[in-house]
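First up is the structure itself, then whatever we jot down about it.
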Ligand code: G6P
């Protein structure tokens, strides 16, 4: 939620700052602003709209500067207006601040500062920061002390950075809960909400921890703890992602590129160190209760895990939406919380983990972004290695997380002797076939899926139905449709239809039914009942199934027939189809696919 980037170098930095902030747009794109130091004067430019538009309209690249910070906003406090856009300046113009997070006591601070004569131009919580810096600088004549005094006043969460005419060659930043990292290069230093902000320039990063602040100049940096003021020696983290994988590579949208990357990312999840998965399985085995938590897509991934692990290992691991988890009262030191998060920064999920930790429970996580807050907080982390996922809509990361959960289910089943080694090997070879199957489907069926999406893109309501493990697949598929196409899509267990929803069936609602392969006899038959129930009321059904062509003549309104695959990968293959269906519906509706409205990839506020 909100992105921060900063550069301090020897030459003009505006281009690097532009690239940095543009690569953080997935965190929010309501408005954008920069503060650039020119000798010892600060120039601030800001406006509503996306990064590219802003830089072009305001001619930002023409401003020469060696020190600058930038911000892309996802509005929380205050509407999307120019006045509410970061950076915010002190009244004398000597401080310019960008911030990600929420200052929870900002109302009190604002009242106090107003009484003291400070004027506010915005409705944001952030604007108290430059005023506090100004106030304390005037008292102490020292920027660092002014910062420390300011930080002591702030409640809530922040990753913040500022430049000041009093120290014109530096960027100063501080962190509590919201992510912030430094990029270290020769003669140039970078700052970013994540690695993407500087991955093109350096692979050496320093991840700031809560309670730390940093002062960065073009050829040095110092990190200190803001409670003790003691210097902290920080390890350099080597970024393993390559910058090419963050580029669009000829695809019209990141979403499509990332869907097409799935054969590779599934392979990466299958290549995760077996011993690491064993360690997590061991934690599950030893715990009294293991909870799977996530939000949005990752909550559905957790639900998928709940079904798969229950059927593979005969073990019920309840899944909960992270924001709900803190309401549970039976978490103990014998519990384990296994969180799932692409970004590793989601506030709700981090809070669930902190809550669990406070009860003495063990914590583990499946995370995509290395160095992220969740990856560093938990007792054991599985880095999924899916590479940067730029589109706000999660596709490849979610599918890879599911593959990891299947492996955990299988390993747990083996440990509990529910399956033997041979069955385990067989299941693993089935999973190994999956990347090739996805590749073939993407190549052979995407035209057909495009056609169906194009024929029905005007439909305003969709029901997504599935039973058993196909139910979380239906939920996740419906979420894709809502997020990217802004079309009402409701995921539901097939059995729910007859408990009220059938009344909704008419020609203004279409249904998609996720049908299991026939060998899953009971589930197959039960799912086919749903199809019959809808068709009996003349409702439209798009059936995604594995039967032979013509087997279900006239039963479906549209059908998408997939090649026969093992029941273990059937629901996952259907998810890939649903991702493409949502994508093509969104392109037919001319949606902003990679940056859909009212969404941010990484929600770091509660
Ligand atoms: C937000 C995003 C969703 C995402 C969820 C979890 O709600 O808009 O797309 O699925 O956060 O994100 P995480 O990074 O924790 O997987």
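Name the residues in region 371-381 that are more than 11 Å from the ligand (Cβ to nearest atom) and within 11 Å of residue 342 (Cα to Cα), would you?
Passing the criteria: only 375.
Could you go through region 387-404 and let me know if any residue there is modelled with pLDDT under 95 and either under 21 Å from residue 279 (Cβ atoms) or more than 13 Å from the ligand (Cβ to nearest atom) (or both).
Within region 387-404 (the criterion being modelled with pLDDT under 95 and either under 21 Å from residue 279 (Cβ atoms) or more than 13 Å from the ligand (Cβ to nearest atom) (or both)), the answer is yes, since at least one residue qualifies.
So residue 162 ticks every box in (1) modelled with pLDDT of 95 or more; (2) at positive phi but one. Which box is left unticked?
(2)
Would you check which residues across region 344-358 are in contact with a strand residue (DSSP E or B) (Cβ under 7 Å, 6 or more places away or on another chain) and either more than 16 Å from the ligand (Cβ to nearest atom) or within 21 Å of residue 397 (Cα to Cα) (or both) and list them?
Within region 344-358, 344, 349, 352, 353, 357 meet the criteria.
Name the strands (runs of 3 or more DSSP E) wholly inside region 3-55 in which the number of residues that are farther than 18 Å from residue 164 by Cβ and free of Cβ contacts under 8 Å to residues at least 60 places away in the same chain is 2 or more.
31-38, 41-48
Taking residue 104 as the residue in question, decide whether it is within 30 Å of residue 142 (Cβ to Cβ), assigned by TED's automatic domain parsing to the domain that holds residue 163 and surrounded by fewer than 20 Cβ atoms within 10 Å (Cβ to Cβ).
Yes, satisfied.
Hey, could you check region 117-142 for residues that are over 26 Å from residue 24 (Cα atoms) and touching a helix residue (DSSP H, G or I) at 6+ places or on another chain (Cβ under 7 Å) and say which is surrounded by the fewest Cβ atoms within 10 Å (Cβ to Cβ)?
In this case the residue turns out to be 140.
Can you find even one residue in region 261-280 that is within 14 Å of the ligand (Cβ to nearest atom), modelled with pLDDT of 95 or more and in a helix (DSSP H, G or I)?
No: region 261-280 contains no residue that is within 14 Å of the ligand (Cβ to nearest atom), modelled with pLDDT of 95 or more and in a helix (DSSP H, G or I).
Every residue in region 101-139 that is under 19 Å from residue 173 (Cβ atoms) and over 36 Å from the mean Cα position of the chain (by Cα), please.
Hits for region 101-139 are 136, 137.
Might you check whether a residue that is surrounded by fewer than 16 Cβ atoms within 10 Å (Cβ to Cβ) and within 16 Å of the ligand (Cβ to nearest atom) occurs anywhere in region 237-256?
Scanning region 237-256 turns up no residue that is surrounded by fewer than 16 Cβ atoms within 10 Å (Cβ to Cβ) and within 16 Å of the ligand (Cβ to nearest atom).
Of (1) over 18 Å from residue 566 (Cβ atoms); (2) touching a residue at least 60 places away in the same chain (Cβ under 8 Å); (3) not assigned by TED's automatic domain parsing to the domain that holds residue 278, residue 468 satisfies all except one. Which?
(1)
Only residues that are away from the ligand (no atom under 16 Å from the Cβ) and either closer than 22 Å to residue 576 by Cα or surrounded by 21 or more Cβ atoms within 10 Å (Cβ to Cβ) (or both): list them for region 281-300, please.
Hits for region 281-300 are 281, 284, 290.
Specify which of the listed residues (567, 571, 563) is modelled with pLDDT of 90 or more and surrounded by 22 or more Cβ atoms within 10 Å (Cβ to Cβ).
Exactly one of 567, 571, 563 is modelled with pLDDT of 90 or more and surrounded by 22 or more Cβ atoms within 10 Å (Cβ to Cβ), namely 571.
Can you find a residue in region 557-574 that is on the phi < 0 side of the Ramachandran plot, in a loop (DSSP other than H, G, I, E, B), within 16 Å of the ligand (Cβ to nearest atom) and within 30 Å of the chain's Cα centre (by Cα)?
No, because not a single residue in region 557-574 is on the phi < 0 side of the Ramachandran plot, in a loop (DSSP other than H, G, I, E, B), within 16 Å of the ligand (Cβ to nearest atom) and within 30 Å of the chain's Cα centre (by Cα).
Taking the criterion of being crowded, with 24+ Cβ neighbours inside 10 Å and modelled with pLDDT of 95 or more, would at least one residue in region 216-233 satisfy it?
yes
Taking region 281-311 on its own, how many of its residues are assigned to a strand (DSSP E or B), farther than 21 Å from residue 419 by Cβ and more than 21 Å from the chain's Cα centre (by Cα)?
1
Could you grab me the full set of residues in region 440-465 that are surrounded by 14 or more Cβ atoms within 10 Å (Cβ to Cβ), under 14 Å from residue 579 (Cα atoms) and out of contact with any strand residue (DSSP E or B) (no Cβ under 8 Å at 6 or more places or on another chain)?
441, 442, 446, 450, 453
How many residues are under 16 Å from residue 562 (Cβ atoms) and touching a strand residue (DSSP E or B) at 6+ places or on another chain (Cβ under 8 Å) when one looks only at region 519-530?
1
The values are calculated or read from the model by the stated rules, or taken from the named source; none is laboratory data. Just so you know, these numbers come straight off a predicted model, no measurement behind them. All Cβ positions, glycine included, derive from the backbone under ideal geometry; neighbour counts span all protein chains shown.
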